Amino acid sequence: MKKGILRMRLISVSILIIWGAFVAFKPEPKTIGDLMESYEDPGLKIKIRSPFSGTVLVAKKGEIIFEEAYGESDRVNKTPITIDTKFGIGSITKQFTAMLIMQLVEENTIKLQDTIGTYLPYLPKEKANHITIHQLLSHTSGLSHYNSLQDIGVSLNDFGNTKYSPKALAEVIGRTYLVNKPGTTYYYSSFGYDLLGAILEEVSGKTFSELLNASIIKPLGLKNTGFGTNEYNSINLAKGYSYREVYGWDWWTSEHGGKTIEVPFRDQSTAYAAGGMHSTVKDLFIWSEAVKSNTLLSPELTTIMLTPNMKGHCYGWVRNWDDIIEKNTKVRLYGHGGALSGNSAFIALYDDETTIIYLSNRSNLKAEEILHQIHLRANNLTDEYKLKGYPNRSSYKRFKESGGMSALQDYFNTLSEYSGYKVNPSNSTMRGVMKIHLEAGEIEVADSLKTVFFNSYNPDERTLNEFGYDFLNSDTPKYALEFFKENTIKFPNSSNAWDSLGEAYLTYKSYQEALECYKNAVSLGEEVAHRSLKNYKENLKKVQDKLKG
């Protein structure tokens, strides 16, 4: 290496070390304002995944104690965000959709136990005759989320760029496969709320936007809330951006240690009643106060709307989000977040009468950290009630030294008690614990974890595929086979699941088994004109050539 280049690298490393030390020794932010400023300009490392750009409102006992705006609504034109800037609110939309449904229940126009075929008779019978309004509201319908679209040959990109009528969208959802028997298990599904939107339009004779205006927006006097068209949103809403951290030489040309890009377009008709609304923090504060004071709905039906079902999910709200409870076991709250097309949002109503609302034009913010830190400062609390006892998972030795499986089980049993519903270790935790036991030769323990994961976690197709490929590329590649097999058992109509199992068999040189899997992938792919059909056929030919050779 030339001396000049070496000298420059040494200087660069030295500057990074000095700057990192400077950031590390900055005093802890004491106020909400200090905290948000630290999130807006985070230096080298940040705790919330992206520099904050957006608006924040905090209230105590119905009185606003903090509201501020940060960043730019349009980075090209350098337009500053103001407290009245409108943002897409993503899945916070579900709260409004749930309220509209409950208002119709109060009018006795619909019933929570009605099956959806009562209002959408054109849907397939397996859905129309068995899924209820309650199940759609509580995410227990068995419907999938967006990741199931590929199984019917629809790419997420094509879906997001297509304009659908409510009926056409419902028909697409009707073609997707159920992931569970309706009413048996919780599974978060935006498709369920899209069907609620279609039902609202069918019953009321109004569009979702018209009904929203008549039943919620006008009665509350909201000035900056609604369900806008594509054209309206492009002009009037903050543009959405995504951020990713960068390292090494890329850091020198980065902003805040990362790269920020504008997100691609998504048609409003696909976000619809599950995530297509916009609002401001001030309007959402008015909304939250109306929910608490039964302004739009009777106390009896408000209680039903806010009653936790499986996994703490109410209708459009979540009771005691475990990621928040884990950070402060003393708090209790109702809340819901939203993330859509470069936007992140959250509304949290704490039992101690603290309200925290933020809207941002950055994707993938770490909501639990933002809410926790704001709540501490809004109430002059110290960070002393974090749940303790989580075992170290960096290696098998350290895991055992910190209590092992017993400690892990105790930790999540305690968290479940605080949250009010069963909380399991995350998918990544389960995968990591399996790996360290496999590496230590503790096959029986890894197998028992795998069985628990299959039976209790209700993993979707994407998760099983991710686990499979992760193990396929690890030091224990043969362990991947069970995950790929489970995927084809649970999702037998998925051409992608069969293709992945075929790839695993091909890796193990089990060519005959790979052949059968690829045949299934091609056959299923042809039924739905799958966008990856060409690849499936190429993989099939590859195995056929192997068997011939």
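Read the figures in this text as sums done on the coordinates, not as results from a lab. It should be emphasised that the depicted structure is a prediction, and the values quoted were computed from it without experimental measurement. Here Cβ is always computed from backbone atoms with ideal geometry, including for glycine, and neighbour counts include all displayed protein chains.
Is the stretch 356-400 best put as rounded, prolate or oblate by its Cα gyration tensor, with a ≥ b ≥ c the root eigenvalues, rounded for a/c under 1.5, and otherwise prolate when a/b is larger than b/c, oblate when not?
Working: a/c = 5.71, a/b = 1.64, b/c = 3.49.
Here the stretch 356-400 falls in the oblate category.
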Query raised in the report: Scattering from the C-alpha atoms of the stretch 459-548 alone, worked out with Debye: what is log10 I(q)/I(0) at q = 0.18, 0.25, 0.26 1/Å?
Result: -0.71, -1.23, -1.29
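So, counting K/R as plus one and D/E as minus one, what does the shell of residues with Cβ under 11 Å around Glu63 add up to?
Values: positive: Lys60, Lys61; negative: Glu289, Glu353.
Result for the neighbourhood of Glu63: 0.
Relative contact order for the chain: what is it in percent, counting Cα pairs under 8 Å that are at least 6 residues apart?
Working: 926 pairs, mean separation 86.3, N = 549.
Reported as a whole number, the value is 16 percent.
So, counting K/R as plus one and D/E as minus one, what does the shell of residues with Cβ under 15 Å around Ala514 add up to? Write down the numbers at each step before the final one.
On the way: positive: Lys478, Lys485, Lys509, Lys519, Lys537, Lys541, Lys542, Lys546, Lys548; negative: Asp499, Glu503, Glu513, Glu516, Glu538, Asp545.
Once positives and negatives cancel, what remains is +3.
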Query raised in the report: So what's the gap between the Cα centers of the stretch 381-458 and the stretch 58-95, to the nearest angstrom?
Result: 37 Å
Query - Over 26 Å (Cα to Cα) - which of Lys60/Lys206; Lys111/Lys282; Lys327/Lys422; Lys60/Lys388 fall in this group - result: Lys60/Lys206; Lys111/Lys282; Lys60/Lys388
Report summary line: Once both label points are put 7 Å beyond Cα along the C-beta direction, the Tyr247-Ala214 separation in nm becomes 5.7 nm
Query raised in the report: Among Ser532, Thr162, Ile101, whose Cα sits farthest toward the positive end of the charge dipole of the chain (+1 at Cβ of Lys/Arg, -1 at Cβ of Asp/Glu, about the Cα centre)?
Result: Ser532
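Find how much the distance from Glu262 to Lys163 grows on full extension, using 0.36 nm per residue of separation minus their present alpha carbon separation; answer in nm with one decimal. All intermediate terms of the calculation are to be shown ahead of the outcome.
Values: separation 99, 0.36 × 99 = 35.64 nm, distance 2.12 nm.
Between Glu262 and Lys163, full extension yields 33.5 nm more.
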Query raised in the report: Along the three principal axes, how long is the chain when you take its alpha carbons, biggest first, rounded to the nearest angstrom?
Result: 74, 70, 50
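Tally the DSSP beta bridges in the chain and give the antiparallel ones as a percent, rounded to 5.
On the way: 43 of 45 bridges.
Around 95 percent of the beta bridges assigned by DSSP in the chain are antiparallel ones.
Roughly how many debye, to the nearest 20, is the charge dipole of the chain about its Cα centre, given +1 on each Lys and Arg Cβ, -1 on each Asp and Glu Cβ, and no other charges?
On the way: 62 positive and 63 negative charges, 273 e Å.
It comes to approximately 1320 debye.
Of the listed peptides 115-127, 292-304, what is their order by residue-averaged count of other C-beta atoms within 10 Å, with the highest listed first? Intermediate results must be reported in sequence, preceding the final value.
Details: 115-127: 16.8, 292-304: 14.6.
Averaged packing, sorted descending, gives the order 115-127, 292-304.
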Report task. Provide the per-residue ³J(HN,Hα) series for the stretch 135-144, in order, calculated from phi with Karplus coefficients 6.51, -1.76, 1.60 and θ = phi - 60°, each as a whole number of Hz, with x at glycine and proline positions. Result -> 5, 4, 5, 9, 6, 10, 7, x, 5, 7
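Hydropathy first: keep DSSP H helices in the chain averaging at least 0.5 on Kyte-Doolittle, then drop any whose Cα extent along the axis falls short of 27 Å, and list what survives.
Numbers: long enough: 3-24 (31 Å, 1.56).
For the chain, where a helix must reach 27 Å along its axis and average at least 0.5, the hits are 3-24.
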**Report entry** Dipole of the stretch 216-271, positive direction: furthest Cα of Ser242, Gly226, Gln268, with charges on the beta-carbon
**Finding:** Gly226
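Would you tally the net charge around Leu415, using a Cβ to Cβ cut-off of less than 9 Å, leaving Leu415 out, and scoring K and R as +1, D and E as -1?
On the way: positive: none; negative: Asp322, Glu326, Glu417.
Local net charge: -3.
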